[in-house]
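Participant: Got a structure for you, questions after.
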Amino acid sequence: MRIRDKIITAVSRTVDGIEWTSLKRGKDGPEPVQQKAISIPTDGKTVDEILESIQLPEEVHEHLKGDITVPLRTADLLMRVMELPSIDDHEISDMVGFQIDKISPFSSDQLTISHEVLQKTEETSLVLMAAAKRSCIDAIGDTFEKKGVRIHSIDARVLGWMKLLQDGGYISSEGCEIFILDDGIDFALMVIESGIPLSFRMLNIEPNKENIAQEVAYEIGYTLTTLDSERNLPTPSAIQLWSYETLPADLQTQLSEKTGLPIHSHSLSSLPPLSEGIVRRTLSDGSRIELIPREWVDHENRKQLRKKFTLISSAIATVWLIILLTLFGIYKARAIKLSGAQKRVTAIESEAKQALENRQKLKALKVYTDRSDSALECLREVTNLLPAGDIEFVSYNYKKGKGVTLRGTSNNDGIVDDFFITLAKSPLFEDLKDHSVNAKITKGIRRSVFSVTLVLPSEEIGK
């Protein structure tokens, strides 16, 4: 699957169940695939008890497709925004680990730590640091694994809501604002300046308490005081209150009086589901916190590698099996063909032997009955071709089917040469070989002694 066609699914808990959004990265931007929710019976349990049980419906694995992202509530996270030198990502990661180690009550080996760069200049970077206990991460991972679902990414709920607020144009790019989010699971405080979050705090307050206005005002004051000590923070323009249930008017009035800030109340129902904000963050480019433990990633990489190796091995084995079956098929076909040929040879063997014997007999018969190259015919041809002059034969040897050997003398080498040339042109003889001419003097008389073999044409039966 191409990266742009990959499906990303964000799964989020709600007060009464779970909801999810699946988007696909298309060439024209994210494309919706599925958005749905499933209710989970509460059986009279409180929200905290429901979240601690971390139960999932049995059929949930049938709906969750692609790479799965889940968000953690703010209560399960340690979040801090700090200004760090603009250095490379590896060094920033080391500095984040050092800073988390200073402020966390837990040792670093008990935590999963991540960060994202919110704003960067040539000299400094505004970095959001986040840490979660491994026990919390492992519990969520085990819950999904039991349903046959593997988690690919872990984010923060409050950041998902912030993404929806940003995309909806509810966060001002100028000035300072305070956001309070209450979705029934998270009750969180955010301080945002010029569209950049400076602080995330979990409000450990029961939303329905009578003195909620006083406690929220205290948390806001404490947070602003802390930020003022770190940076020159402008006075907030308002408190943006986002929740599913509207805060009673009298409590809004009390909160406004205690903080000196106007209250603007909004309904979270007017925003898309939280899972859509999380999946938008997952699909967006740039820095993003990732709380998946490294060993989970390594385990999945090894798993994928083993899967690829198994597929490759299976493919190679299949190819070899096909090759072996093909060779075996060719061998069997040739063996059958050879067996048939051998049977045919066996069937005609006696007839073939008889035919060969008859051929030899016919050849012998032809040799002894054909008089066209007989000794007498050869002698007649040789005699007819004798040139005029002093030349005579000393010996004449004839072999049937082989040829004639002549020996003789002459008083002139030229006569002998002419005789050889004439013999070579005779159609009766195929070739002349072993021909020689030597001088011999007897009683003072010089004679040319010659010898030559006249080869008769070979004849094959059936030509």
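The values are calculated or read from the model by the stated rules, or taken from the named source; none is laboratory data. From a predicted model like this one, the values you see are computed outputs, not experimental measurements. Please note: Cβ atoms are built from the backbone with ideal geometry, for glycine as well, and neighbour counts cover all protein chains shown.
Participant: I'm trying to understand the selection: among the residues of the stretch 398-438, which are of a type in the set (A, V, I, L, M) and either at pLDDT below 85 or under 15 Å from Leu386 (Cβ atoms) (or both)?
Facilitator: Filtering the stretch 398-438 down to residues of a type in the set (A, V, I, L, M) leaves 404, 406, 415-416, 421, 423-424, 428, 432, 437.
If the condition is that a residue be of a type in the set (A, V, I, L, M) and either at pLDDT below 85 or under 15 Å from Leu386 (Cβ atoms) (or both), then Val404, Leu406, Ile415, Val416, Ile421, Leu423, Ala424, Leu428 are the ones that fit.
Participant: Moving to a separate point now. Answer yes or no: is there a residue in the stretch 131-145 that is among the aliphatic types (A, V, I, L, M), in a strand (DSSP E or B) and closer than 18 Å to Arg201 by Cβ. Before you say what the answer is, go through the steps one by one.
Facilitator: If we filter the stretch 131-145 for residues that are among the aliphatic types (A, V, I, L, M), which is where we start, we get 131-132, 137, 139-140.
Now narrow it down to the ones that are in a strand (DSSP E or B): 131-132.
Subsequent filtering for residues that are closer than 18 Å to Arg201 by Cβ retains 131-132.
Yes; the residues of the stretch 131-145 include at least one that is among the aliphatic types (A, V, I, L, M), in a strand (DSSP E or B) and closer than 18 Å to Arg201 by Cβ.
Participant: Condition check: within 47 Å of the chain's Cα centre (by Cα), among the hydroxyl-bearing types (Ser, Thr, Tyr) and either outside the structural domain of Ser125 (by TED's automatic domain parsing) or at pLDDT below 90 (or both). Does Ser265 satisfy that?
Facilitator: In short, no.
Participant: Does Thr383 satisfy the criteria of being under 30 Å from Leu428 (Cα atoms), outside the structural domain of Asp89 (by TED's automatic domain parsing), at pLDDT 85 or above and in a helix (DSSP H, G or I)?
Facilitator: yes
Participant: To continue, here is another question. Can you list residue pairs whose Cβ atoms sit under 6 Å apart, with the first residue in the stretch 256-272 being farther than 13 Å from Val216 by Cα and the second being assigned to a loop (DSSP other than H, G, I, E, B)? Count only pairs 6 or more apart in sequence or on different chains.
Facilitator: The qualifying pairs are Pro262/Ala238; His264/Ala238; Ser265/Thr246; Leu268/Asp183; Leu268/Tyr244.
Participant: For the subset of the stretch 200-252 comprising residues that are among the basic types (Lys, Arg) and at pLDDT below 90, which member is farthest from Ser269 (Cα to Cα)?
Facilitator: Arg231
Participant: Within the stretch 146-164, is there a residue that is more than 21 Å from Thr21 (Cβ to Cβ) and outside any loop (DSSP other than H, G, I, E, B)?
Facilitator: Yes; the residues of the stretch 146-164 include at least one that is more than 21 Å from Thr21 (Cβ to Cβ) and outside any loop (DSSP other than H, G, I, E, B).
Participant: Please give the number of the condition Tyr244 fails out of (1) closer than 26 Å to Met79 by Cα; (2) out of contact with any Leu (no Cβ under 6 Å at 6 or more places or on another chain).
Facilitator: Result: Tyr244 passes all but (2).
Participant: Exactly one of (1) closer than 19 Å to Ile192 by Cβ; (2) assigned to a strand (DSSP E or B); (3) among the hydroxyl-bearing types (Ser, Thr, Tyr) is unmet by Ser114. Its number?
Facilitator: Only one criterion is unmet by Ser114, namely (1).
Participant: Hey, could you check the stretch 375-398 for residues that are exposed (fewer than 15 other Cβ atoms within 10 Å of the Cβ) and touching a strand residue (DSSP E or B) at 6+ places or on another chain (Cβ under 8 Å) and say which is farthest from Ala439 (Cα to Cα)?
Facilitator: In this case the residue turns out to be Ala375.
Participant: On to the next question. All but one of (1) at pLDDT 90 or above; (2) closer than 26 Å to Gly160 by Cβ; (3) assigned to a loop (DSSP other than H, G, I, E, B) hold for Leu255; which doesn't?
Facilitator: (3)
Participant: Note down all Cβ pairs under 6 Å where the first residue falls in the stretch 407-435 and is free of Cβ contacts under 8 Å to residues at least 12 places away in the same chain, the second is surrounded by 16 or more Cβ atoms within 10 Å (Cβ to Cβ), and they're at least six residues apart or on different chains.
Facilitator: Ala424/Leu432
Participant: Quick check on my filter: what residues within the stretch 445-463 are within 21 Å of Tyr398 (Cβ to Cβ) and either touching a Pro at 6+ places or on another chain (Cβ under 9 Å) or at pLDDT 70 or above (or both)?
Facilitator: Answer for the stretch 445-463, where residues must be within 21 Å of Tyr398 (Cβ to Cβ) and either touching a Pro at 6+ places or on another chain (Cβ under 9 Å) or at pLDDT 70 or above (or both): Val449, Phe450, Ser451, Val452, Thr453, Leu454, Val455, Leu456, Pro457, Ser458.
Table: residues versus (1) farther than 24 Å from Leu165 by Cα; (2) under 55 Å from the mean Cα position of the chain (by Cα); (3) surrounded by 12 or more Cβ atoms within 10 Å (Cβ to Cβ).
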residue: Ala217; (1), (2), (3): no, no, yes
residue: Thr225; (1), (2), (3): yes, yes, no
residue: Thr235; (1), (2), (3): no, no, no
residue: Ile239; (1), (2), (3): no, yes, yes
residue: Tyr244; (1), (2), (3): no, yes, yes
residue: Asp250; (1), (2), (3): yes, no, no
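Participant: Right, next: Just checking, how many residues over the stretch 277-308 are modelled with pLDDT under 85 and either aliphatic (A, V, I, L, M) or in a helix (DSSP H, G or I) (or both)?
Facilitator: 15
Participant: Quick one: in the stretch 406-438, which of the residues that are closer than 15 Å to Val394 by Cβ and of a type in the set (Gly, Ala, Ser) is nearest to the chain's Cα centre (by Cα)?
Facilitator: So the residue we want is Ser436.
Participant: Moving on to the next point. Assigned to a strand (DSSP E or B) and over 30 Å from Gly17 (Cβ atoms): which single residue out of Leu198, Leu224 fits that description?
Facilitator: Answer to the selection: Leu198.
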